[in-house]
Amino acid sequence: MYPEIFSFFYPQVVEDEIFAHLNELTRKANLDREEVAMVMDVIFEPMNLVTGNQLSEYVAVSEEYVYDLADAPFGACALSLRGSIVKLCS
């Protein structure tokens, strides 16, 4: 990944899902919570979080275009960034 060239964004729901399944993740990865936290820090450090508040006005629109409603936060994330990437990165 090239965070110095490209900006990466992810919706809050990604972190929520990881933490909801943290016990399973640590068990399957054969890591303790601190090790998983370190790995997650490395993965998410170059990315920008888009909070649920930032997505709220776009979720309904996104739901109209996705087959699986679980994908709506990702569509809402893309919609929320339209025209505002400079604001989020600065």
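All of the numbers you see were taken from the coordinates with simple rules; none came from a lab. Worth saying up front: this structure is predicted, and the values here are computed from it rather than measured. Positions of Cβ are backbone-derived with ideal geometry, glycine not excepted, and every protein chain shown enters the neighbour counts.
Per-structure values
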read-out	value
Region 8-89: relative contact order in percent, alpha carbon pairs under 8 Å with at least 6 residues between	36 percent
Net charge of neighbours whose Cβ lies under 12 Å from the Cβ of M38, counting Lys and Arg as +1 and Asp and Glu as -1	-4
With Cα atoms, 0 to 90° folded angle of helix 72-81 axis to the chain main axis	60 degrees
Farthest positive-ward along the chain dipole, Cα basis, beta-carbon charges - from A70, L25, Y58	Y58
Over the chain: helical MRE at 222 nm, DSSP H runs n ≥ 4 each giving -39500 (n - 2.57), nearest 500	-18000 deg cm²/dmol
Debye, to nearest 20: dipole size of the chain, +1 on Lys, Arg Cβ, -1 on Asp, Glu Cβ	200 debye
Estimated FRET transfer efficiency when R0 is 30 angstrom, pair I43-L69 (beta carbons, to 0.05)	0.75
